[in-house]
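Okay, structure first, notes after.
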Amino acid sequence: MRLELDNAGINIGRRWLLRHASLELRGGLLALVGPNGSGKSTLLRLLGGLWGASEGAVSLGGCDLKSLPRRAISRAIAYTPQDTHLDFAFTVREVVMMGRHPHLGRFEFERGSDRAAVSEAMRRVDVAQLADRFVTELSGGERQRVLLARSLATQAPILLLDEPTASLDVAHALDVLGLCRELAEEGKTIVAAIHDLNLAARFADRVALLCEGRLIACGAADEVLRAESLNRVFGVSADRLFTGDGKPVFVFHRDVC
Amino acid sequence: MALFFAITLILLAVFTVLGVSVGSVNIPSSQVARLLLARITPFDWFDASDIAPSQRAIIWQLRAPRVAVAALVGASLSAAGAQMQALFRNPLASPDIIGTSAGGALGAVIAMATGLAMREMLALPVFSFAGSLLALFAVYALTTRGGRTPVATLLLAGVALSSLLAAASSFLISMTWVRWEVAQEVTFWLMGGLDNRQWTHCLMILPCIVVGLGAAISRWRELDLLLTGEETALALGVEIEKTKRLLLVNAALLTGASVAVSGVIGFVGLIAPHAARLLIGPSHRRLLPASALLGAIFLLAADLLARTVIRPEEIRLGIITAGCGAPFFLFLLLRGRREAGY
């Protein structure tokens, strides 16, 4: 399913959080990178229809998001927030089952297919062993994986992930991005805000660079992530090295050259 | 879970029978149980023809309505509390603490002081519903920003609004002093109690419970999602504004109905949903019916206590519930301060 941004923007009061963003998504893993406050989360919320566009349009399969019923959008696009805080003691299985909400009618009970989707999602994100634990007792990283499982349980073809690796240790961060890679190869469209440029360069098909609410570049990782653009956007100097498998790795310095 | 509901239903039955049999004249529980069953079951499954007419009158005309009203008020205040806690995403929200009950009371006082309540049966419940709704909406609009309600803001707004509404009620009462009997009735009723409740009061509150609880239970998935955050709920297909409006109206309806039949009774709407959440978890599919059941049991027990501790005198019901509820509220507040830092 095609998701498209056409010259879209969002303002709050008189401040534009994002302007003139155009983007076409049709499969693959797109990494959003940029400094704090550059509009990554805003772009994800815009794509997920959580915030309406103040200018331009967002369209899903050719239809304006604003004209689609919310449940229909939710069946196509799954959004995983950055904030994983949960106050109420639901079990992990209950939280993941919430991902089936867009598929279930008001008076419907969960069907076998819903339970199967939930088990499969928990298995893929490696939280099956936590199924009966309370989410309030989990570590931040475990909660983040549970929320990812909930998004997978929706079986939506498009996944939007806001900092999916923010509170994960190295091993789990690699696992989660590896899973995103797998999902992208299975035909899903994935957009993830990723702070770690090395991870972004290693796993993404395309990288979009944001700065001060503008989408300034979008393309293959080694075209977008260049020393001069990183210098301009982040204000740091970067040495680009290459690992044995040809992937770029960055080493950053504060002294701007 | 089945065990929980079995035990609470048994407790509900036990306290109902106890509530009816204990009083200035004690009536054997077996007779009470038999008569109640004979009255509420169809055909002649239970035979109660051997019970003396005077006993029957005491059971069915005097005590049964009071016990039924107690159970229904407990259930509806707890269901209102559970829904407010979902609306504010805050476990300390409940009808009396955030001023919804005070709004209902002001509405009812207006209906009584103007004499409307005398002329029109439905004036009292309608006015107290309107009062509850306005008070709840005011607190919601004042305290909630971006779907979040800080505990301190909620409690402070509740305190301020409650005082303001109570002052308005007092003002109206003082204006009615010229008509002594009206003022006395209003004051007595404001303190909260179940004296002289009749079957008509049951009929007033019963439909509100059926609607208010039914509408909420049928949307249990939306309410669960709302607890996990508005953004997530929206992302998973919940129509946030519609759901919140429903919660607002429901909670006001349930509070208004309770206030209309029993005055202001505090803390039930706080204790019962908390106990229910501890026992069976936060999912509304189970939480809403469980809160209602526990609220009914709690108020039946409190009423029983109120009538027996200093027999033949009665303690006001509101005193008993505050005596249990206020320490519990302080405990929650202290625990919350330690864990969540407010």
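We did not get these values from a lab; they are worked out from the coordinates using the rules stated. Just so it is clear, the structure is predicted and the values come from calculations on it, not from any experiment. With ideal geometry, Cβ positions are generated from the backbone for all residues, glycine too; neighbour counts draw on all protein chains shown.
Observations, loosely collected:
- Quick note on region B:1-139: its Rg to Rh ratio, both from C-alpha atoms and Rh being the Kirkwood radius, is 1.09.
- For the residues of B:222-230, the average number of beta carbons from a partner chain within 10 Å of their own beta carbon is 4.
- Ratio Rg/Rh, restricted to the protein assembly as shown and using Cα atoms, in which Rh is the Kirkwood radius: 1.08
- The Stokes-Einstein estimate for region B:239-287, based on a Kirkwood radius over Cα pairs and taken at 25 °C with 0.890 mPa s viscosity, is a diffusion coefficient of 197 µm²/s.
- Across region A:170-186, rounded Karplus estimates of 3J(HN,Hα) from the backbone phi angles (6.51 cos²θ - 1.76 cosθ + 1.60, θ = phi - 60°) give 3, 5, 6, 4, 5, 4, 5, 5, x, 5, 4, 4, 4, 4, 4, 5, 6 Hz, Gly and Pro being marked x.
- Pairwise FRET efficiency - B:Ala167 versus A:Glu110, Cβ, R0 = 35 Å, nearest 0.05: 0.10
- In nm, spacing of pseudo-spin labels at A:Arg240 and B:Phe328 (7 Å Cα→C-beta vector): 6.4 nm
- Within the straight-line cut-off of under 26 Å between alpha carbons, the lysines reachable from B:Lys244 are A:Lys66, sequence neighbours fewer than 8 places apart in one chain being disregarded.
- The distance from the alpha carbon centre of region A:180-230 to that of region B:123-149 is 47 Å, rounded to a whole number.
- All C-alpha to C-alpha distances of region B:118-186, sorted into 10 Å bins beginning at zero, yield P(r) values of 17, 36, 28, 14, 4 percent in whole numbers.
- By the equivalent-ellipsoid construction on the alpha carbon gyration tensor, region A:128-224 comes out with semi-axes of 26, 15, 12 Å, ordered largest to smallest.
- Cα pair distances of region A:1-113 binned at 10 Å [whole percent]: 12, 37, 32, 17, 2
- Taking B:Ser162, B:Ser24, B:Ser78 and counting other C-beta atoms within 10 Å, the order from fewest to most: B:Ser24, B:Ser162, B:Ser78
- Each label point was placed 7 Å from the Cα along the Cα-to-Cβ direction; for B:Ser174 and A:Arg2 their separation is 7.3 nm.
- Whole-number D in µm²/s for chain A (Stokes-Einstein; Kirkwood sum over Cα pairs; 25 °C, 0.890 mPa s): 129 µm²/s
- Two-decimal ratio, chain B, of alpha-carbon radius of gyration to 2.2 N^0.38 Å: 1.00
- Between B:Gln61 and B:Leu116, residue separation times 0.36 nm minus the direct Cα-Cα distance comes to 17.2 nm.
- Nearest-0.05 FRET efficiency for B:Trp199 and B:Ala52, computed from C-beta distance (R0 22 Å): 0.55
- The B:Phe4 and A:Glu228 beta-carbon pair, evaluated with R₀ = 45 Å, returns a calculated FRET efficiency of approximately 0.10.
- Peptides ranked, highest mean first, by Cβ atoms within 10 Å: ranges A:71-83, B:105-117: B:105-117, A:71-83
- Gap separating the Cα centres of region A:77-115 and region B:274-315, nearest whole Å: 30 Å
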